[in-house]
Amino acid sequence: MDELQQQTVSLLAFQKVPKKVFDSQLTFNMLAALGDDRWGVFGVAMRSPDLVRALRAQDHYYAVEIASRAESWWQVIGALRDTAVAATEPQRVVEAMAAPSTRWITLTVTEKAYNPALAQFIVQGLHARQACGLPGVTVASCDNLSSNGDQLRALCREAARAISPSLATWMDQQCRFPNSMVDRIVPQSDERVRLAARQALGVEDLAPLSTEGFWEWAIERSQLDAADAAALASVGVMVVDDVKAFEEAKLRMLNGVHSAIACIGAVVPQNTVRETVSLPWVREFVRGFLDEVAPVVRRPNTDAYRDALLTRFVNPALHHRCHQIAQDGSVKITQRWVPATLALQALGKPTPYLIMATACWLRYWLAQDEQGQAYDFNDPYTQPLQALVAASRDDGDWVDRLLHFEPIWGTELPRASGWLAAVRRDFDTIQAQGIQAAVSGLAT
Ligand code: CS2
């Protein structure tokens, strides 16, 4: 195999949610800058052709603005070599996964995409590799899921078994599924970013991104080839024995409070995270929330991580819309709030901030902000949840029904002593006094 021609294949939902696309690509870009150009990326959009079209029109180069309060600079990403749309060009994607030069498949496809159909698709590529006698690959999930690599392996194992036991065995022996935690806030791009790119670079970039300087990628050492581990570590990726502590900290702190901010901002209403967190009473809430979950977070330097979050959320360069984060909220909060609440309960600790967050989420499901403006949902459970709200709205039972919706809350939490009543109480306060008064009441 010609080493210089190695490439990675990334399965990326980068049409609506660019996000970690950028992290792996930036990382591979840094490696290329160090002279290691084996890490070209074949980017795959799962469904929409728009971004692929835009990227093809500019030879797959695109610009990224990296910005903080103090400074901002632009970087051109050259790691992307080719693109395809899985829905319309599945064969090209399977061929790319099965190319001798492909060594990694990275995924940023969002929480709701982890399903048998995704696994069957990946396994088609793995099957083709096995059939050609090629070695396995590293399949790295970069999504905000607890034990993301383990979950992906389990789904792929099912899909492989359905084809043949020998494929499942080959996959177990040849492929690696590292758990990993990727952290960088990358808001959905918009006209504002295009304009900024035009002004800064003097070119018309159809696919620019704007992001923060902060980034972290922690990945499980035991699932990596030693040379890959060394290459990633050389550009600042944290290759660690156990990702769990990083993953929990991110899901419970950053993502956990993000989902709460999103519900509050959508209801107030405020457009972006920065605008919402700039309200003193929301800032207090964010602090309280982060302090509340800290006892069930074990990562090194938790305090520094918390302080950094408070700065990251008000980065004036980021226009991260509350409704973007609220999108798919149900599949997010089941990862972000439920395990944290249960873990705190197990320690005998009260969870007033998580309970208030849950009440804000209920209020969000009323589909109207406090100015009377209606908004739409974009959530895999929109239908069942809206049906529950509509069916029992008059008798008030919908609150209990939403809180018993098992795909989100499981069975343990709704049975936990006092949880339902406490959420209901906070929700009633929000309804009676408004979200600001209810949330501010926590601090008194
Ligand atoms: C956000 C995340 O949209 C969301 O749900 O909480 O995308 C968040 O910005 C990233 O995980 C930050 O690393």
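Touching a residue at least 12 places away in the same chain (Cβ under 8 Å), loosely packed, with under 14 Cβ neighbours inside 10 Å and assigned by TED's automatic domain parsing to the domain that holds VAL293: is that true of PRO350 in this structure? The answer is no for PRO350.
Can you find even one residue in segment 72-79 that is out of contact with any strand residue (DSSP E or B) (no Cβ under 6 Å at 6 or more places or on another chain) and either surrounded by 17 or more Cβ atoms within 10 Å (Cβ to Cβ) or assigned to a helix (DSSP H, G or I) (or both)? Yes, segment 72-79 contains at least one residue that is out of contact with any strand residue (DSSP E or B) (no Cβ under 6 Å at 6 or more places or on another chain) and either surrounded by 17 or more Cβ atoms within 10 Å (Cβ to Cβ) or assigned to a helix (DSSP H, G or I) (or both). Here segment 389-415 is the region considered, the condition is being touching a residue at least 12 places away in the same chain (Cβ under 8 Å) and open to solvent by less than 20 Å² (accessible area, probe 1.4 Å), and the residue that is farthest from VAL286 (Cα to Cα) is VAL389.
Restricting to segment 298-321, and then to whatever is in a helix (DSSP H, G or I) and small (Gly, Ala, Ser), can you tell me which residue is nearest to the chain's Cα centre (by Cα)?
Here is the first cut: in segment 298-321, the residues in a helix (DSSP H, G or I) are 302-313.
Pick out the ones that are also small (Gly, Ala, Ser) and you get 304, 308.
Numbers: ALA304: 22, ALA308: 18 Å.
That would be ALA308.
Identify, please: which residue in segment 362-388 is surrounded by 18 or more Cβ atoms within 10 Å (Cβ to Cβ) and under 23 Å from ARG425 (Cα atoms) and is, among those, farthest from the chain's Cα centre (by Cα)? Here the residue is LEU388. Taking (1) within 16 Å of the ligand (Cβ to nearest atom); (2) open to solvent by 10 Å² or more (accessible area, probe 1.4 Å) in turn, TRP337 satisfies each apart from (2). Within segment 101-115, can one find any residue that is over 24 Å from ASN378 (Cβ atoms) and free of Cβ contacts under 8 Å to residues at least 12 places away in the same chain? The answer is no; no qualifying residue exists.
Over 28 Å from SER147 (Cβ atoms), in the same structural domain as ASN179 (by TED's automatic domain parsing), away from the ligand (no atom under 13 Å from the Cβ) and modelled with pLDDT of 95 or more: which single residue out of ALA200, ALA207 fits that description? Every option except ALA200 fails the conditions. Taken together, the residues in segment 1-53 that are assigned to a helix (DSSP H, G or I) and at pLDDT below 60 amount to 6. Close contacts from segment 173-197, counting a first residue that is within 18 Å of ASN271 (Cβ to Cβ) and a second that is basic (Lys, Arg) and outside any helix (DSSP H, G or I), with Cβ to Cβ under 6 Å and a gap of 6+ residues or different chains, come to VAL186/LYS19.
Can you name the residue in segment 145-166 that is of a type outside the set (Ser, Thr, Tyr), farther than 12 Å from ALA119 by Cβ and in contact (Cβ under 8 Å) with a residue 24 or more places away in the chain and is also farthest from the ligand (Cβ to nearest atom) among such residues? Quick ask: steps written out before the conclusion?
As a first pass, look at segment 145-166 and keep what is of a type outside the set (Ser, Thr, Tyr): 145, 148-163, 165.
Pick out the ones that are also farther than 12 Å from ALA119 by Cβ and you get 145, 148-150, 165.
Among the residues that remain, those that are also in contact (Cβ under 8 Å) with a residue 24 or more places away in the chain are: 145, 148-150.
On the way: LEU145: 11, ASN148: 12, GLY149: 17, ASP150: 19 Å.
The selected residue is ASP150.
Close Cβ contacts (under 6 Å, 6 or more residues apart or on different chains) running from residues in segment 235-263 that are within 14 Å of the ligand (Cβ to nearest atom) to residues that are open to solvent by 20 Å² or more (accessible area, probe 1.4 Å) and in a helix (DSSP H, G or I) comprise LEU251/GLN335.
The values are calculated or read from the model by the stated rules, or taken from the named source; none is laboratory data. For clarity, every value in this text was computed on a predicted model and none was experimentally measured. Backbone-built Cβ (ideal geometry, glycine too); neighbour counts: all protein chains shown. Keep in mind that these areas ignore ligands, DNA and RNA; they rest on the heavy atoms of the full protein, side chains included. Shrake-Rupley method; radii C 1.70, N 1.55, O 1.52, S 1.80 Å.
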